[in-house]
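Peer 1: Structure below; questions to follow.
The values are calculated or read from the model by the stated rules, or taken from the named source; none is laboratory data. Nothing here was measured: the structure is a model prediction, and the numbers come from that model. Positions of Cβ are generated from backbone atoms using ideal geometry, with glycine treated the same way; all protein chains shown enter the neighbour counts.
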């Protein structure tokens, strides 16, 4: 079993506060995650006109939804500092791009890959921009039918031929409920994706409240694990309740690394640690 690539999804759990983002980066780095991931949007493009003026109760008072989205969005100054901070902490960072502007914004940084969220799986414009811009694209498949996933893969392969930029693709099995009910996780779909797309890196993006399911995803073949992380599940924000706490993140990473060591090659044999016991007990 090769080493699993672990993505600590900060997303928007920083609530627009750079110090909170740095604390989450510290935790991910200390837990030995491979990368932290944010979410990048142009709210003016992503928020439908019908929702922009809707009122929302926030820690900053009752404000319009568009003002709230701008309030929690990091821009150039914050991402420049995130880039420097992650370099000092020896951990990579990246982001999900929710619109074409955000793809172009992120191209200014040396990112290991770009992530396309489940919500954008059918968005041909974002898929094209991502494939023509980044060497690796990872796509979550939540809320999607087999036909929609097939179409997204066809589009990405087509754009790869056209532009020759992306060298590698990843597909993450996902249930987009927040939090996701255990009976809806369908972890067996990881094997289905691996069989159907053998040239893709297959992983799992989890939104459930448990940890063991994400470790089980590795056993089923996931080479990438993505989980949201938070300082406290009681913090303000829609993603906090289904995120992994600092203690949980350490436990999750430890569980994955233990499975990697224990998985083995499946051959029936006497191990080195058993040989001394063998000579003692089978005289």
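Peer 1: Taking the condition of being in contact (Cβ under 8 Å) with a residue 24 or more places away in the chain and either assigned to a helix (DSSP H, G or I) or surrounded by 14 or more Cβ atoms within 10 Å (Cβ to Cβ) (or both), how many residues in the stretch 59-75 meet it?
Peer 2: Going through the stretch 59-75 one residue at a time, the tally reaches 6.
Peer 1: If residue 235 satisfies every condition in (1) surrounded by 14 or more Cβ atoms within 10 Å (Cβ to Cβ); (2) over 28 Å from residue 171 (Cβ atoms); (3) modelled with pLDDT of 95 or more but one, which is the exception?
Peer 2: All conditions are met except number (3).
Peer 1: Let me ask another. I'd like the full set of residues that are part of a loop (DSSP other than H, G, I, E, B) and at pLDDT below 90, limited to the stretch 26-53.
Peer 2: 47, 48, 53
Peer 1: Residues in the stretch 81-109 that are touching a residue at least 40 places away in the same chain (Cβ under 8 Å), over 24 Å from residue 140 (Cβ atoms) and either in contact with a strand residue (DSSP E or B) (Cβ under 6 Å, 6 or more places away or on another chain) or assigned to a helix (DSSP H, G or I) (or both): how many?
Peer 2: Counting residues in the stretch 81-109 that are touching a residue at least 40 places away in the same chain (Cβ under 8 Å), over 24 Å from residue 140 (Cβ atoms) and either in contact with a strand residue (DSSP E or B) (Cβ under 6 Å, 6 or more places away or on another chain) or assigned to a helix (DSSP H, G or I) (or both) gives 3.
Peer 1: Also: If we keep just the residues of the stretch 155-172 that are at pLDDT 95 or above and out of contact with any helix residue (DSSP H, G or I) (no Cβ under 7 Å at 6 or more places or on another chain), which is nearest to residue 213 (Cα to Cα)?
Peer 2: Step by step, filter the stretch 155-172, then rank; the result is 172.
Peer 1: If you go through the stretch 110-147, how many residues are within 20 Å of the chain's Cα centre (by Cα), surrounded by fewer than 18 Cβ atoms within 10 Å (Cβ to Cβ) and not in a loop (DSSP other than H, G, I, E, B)?
Peer 2: The qualifying residues number 1.
Peer 1: Could you identify the single residue in 252, 211 that is surrounded by fewer than 21 Cβ atoms within 10 Å (Cβ to Cβ) and touching a helix residue (DSSP H, G or I) at 6+ places or on another chain (Cβ under 8 Å)? Lay out the reasoning, then the answer.
Peer 2: Working: 252 fails: surrounded by fewer than 21 Cβ atoms within 10 Å (Cβ to Cβ).
Answer to the selection: 211.
Peer 1: I'd like to check which helices (runs of 4 or more DSSP H) are fully inside the stretch 176-283 and have at least 1 residues that are under 19 Å from residue 144 (Cα atoms), within 20 Å of the chain's Cα centre (by Cα) and free of Cβ contacts under 8 Å to residues at least 40 places away in the same chain.
Peer 2: Output list reads 189-196.
Peer 1: Would you point out the residue of the stretch 173-187, among those that are out of contact with any strand residue (DSSP E or B) (no Cβ under 9 Å at 6 or more places or on another chain) and at pLDDT 95 or above, that is surrounded by the fewest Cβ atoms within 10 Å (Cβ to Cβ)?
Peer 2: Looking at residues that are out of contact with any strand residue (DSSP E or B) (no Cβ under 9 Å at 6 or more places or on another chain) and at pLDDT 95 or above, I get 183.
Peer 1: Does residue 166 satisfy the criteria of being at negative phi, assigned to a loop (DSSP other than H, G, I, E, B) and in contact (Cβ under 8 Å) with a residue 40 or more places away in the chain? Spell out how you get there, then give the answer.
Peer 2: Numbers: at negative phi: yes; assigned to a loop (DSSP other than H, G, I, E, B): yes; in contact (Cβ under 8 Å) with a residue 40 or more places away in the chain: no.
So residue 166 fails the test.
Peer 1: Looking only at the stretch 64-81, count every residue that is over 27 Å from the mean Cα position of the chain (by Cα) and closer than 15 Å to residue 236 by Cα and tell me the total.
Peer 2: Total meeting the criteria: 0.
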